[in-house]
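Where a number appears in this text, it was derived from the coordinates with a stated rule and is not lab data. What you are looking at is a predicted structure, and each value in this text was computed from that prediction instead of being measured. FYI the Cβ positions are ideal-geometry reconstructions off the backbone, even for glycines, and counts take in every protein chain you see.
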Amino acid sequence: MAVRLNHTIVAAHDHEASSKFLAEILGLPPPLLLGPFAIVTVGDTSLDYMNVKEYRGDDGEIVSQHYAFLVTEAEFDEIFARIRERHLPYWADPRLSQRDQINEWDGGRGIYFQDPNGHILEAITRPYGSGGTTAARPHPLLASTENRTPETRRHDQTVRDEGAHLATAERPDR
């Protein structure tokens with residue numbers, strides 16, 4: 001049997017509202033309420049939302065986590081439309097420094113946004129690295145100075161000039 005992720009628990013202030021938010025944004029069926037959980041099924045796995053105080057005790061705090069969802073181009077358009085309809089802030093990068101932008105890494109599209117608990121959610125149309133280093137916009141972790149197009153180099157310079165705080169691993173030119 002192949003190992004697969006079955007579920008993960010997601011801490012929330014209001015597990016029902018948070019799970020409903022995710023299901024609505026991603027265009028998934030409504031959450032299933034089961035005991036202390038509000039369960040959102042995503043493919044073969046589920047995100048099981050649980051109130052943080054029940055999950056971690058009365059002094060429990062929510063630690064922001066990152067959840068990335070691989071979607072089709074059509075699904076991306078629908079998700080992006082829902083984000084814009086709700087006037088939610090969105091970013092092109094995981095550091096949330098490129099606001100109101102979509103990334104085009106690996107020949108696909110990607111967007112980051114936050115749920116009501118501060119978890120960082122991401123919708124991508126191509127897996128990281130799938131475009132290799134020859135893609136017009138390779139993922140920053142794969143891009144090398146030699147393989148970047150002049151347009152990409154100009155964009156990177158603009159980001160540097162605007163004071164973006166990207167990690168060295170994401171900035172191979174440093």
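May I ask you to sort 71, 63 by Cβ crowding, counting other Cβ atoms within 10 Å and putting the fewest first?
On the way: 71 22, 63 11.
With the sparsest Cβ surroundings first, the list reads 63, 71.
Would you tally the net charge around residue 110, using a Cβ to Cβ cut-off of less than 11 Å, leaving residue 110 out, and scoring K and R as +1, D and E as -1? Could you put the intermediate results ahead of the total?
Working: positive: 109, 126, 137; negative: 93, 104, 106, 122.
Result for the neighbourhood of residue 110: -1.
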- For region 104-114, take each phi angle, set θ = phi - 60°, evaluate the Karplus expression 6.51 cos²θ - 1.76 cosθ + 1.60, and give the result in whole Hz per residue in order, putting x for glycine and proline. 10, 5, 6, x, x, 10, x, 8, 10, 8, 10
- Relative contact order computed over region 19-125 (Cα-Cα under 8 Å; 6+ residues apart), in percent: 23 percent
- Query: Rounded to a whole number, what is D in µm²/s for region 16-94 from Stokes-Einstein with the Kirkwood radius over alpha-carbon pairs (37 °C, 0.692 mPa s)?
  - Reply: 233 µm²/s
- Note on the structure: Taking the convex hull of the alpha-carbon atoms of region 1-135 and averaging its shadow over every direction gives an area in square nanometres of 9.7 nm²
- Given a cut-off of under 8 Å on Cα pairs at least six residues apart, what relative contact order in percent is computed for region 1-62? 37 percent
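Count the net charge of all other residues whose Cβ sits under 15 Å from the Cβ of residue 10, scoring Lys and Arg as +1 and Asp and Glu as -1. Can you show the working numbers first?
Details: positive: 20, 53, 56; negative: 14, 16, 48, 54, 61, 115, 122.
Once positives and negatives cancel, what remains is -4.
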- Inter-site label distance for residue 32 and residue 85 at 7 Å from Cα along Cβ, in nm: 2.6 nm
- Message: Would you work out the Kirkwood radius for region 1-62? I mean one over the mean of 1/r across all pairs of different Cα atoms, in Å.
- Response: 11.9 Å
- Query: Counting other C-beta atoms within 10 Å, which of 102, 39 has the fewest, and how do the rest follow?
  - Reply: 102, 39
- Task: Return the long-range amide H neighbours of residue 42 (sequence gap of 5 or more, or a different chain), with a cut-off of under 5 Å between placed amide H atoms.
- Result: 47
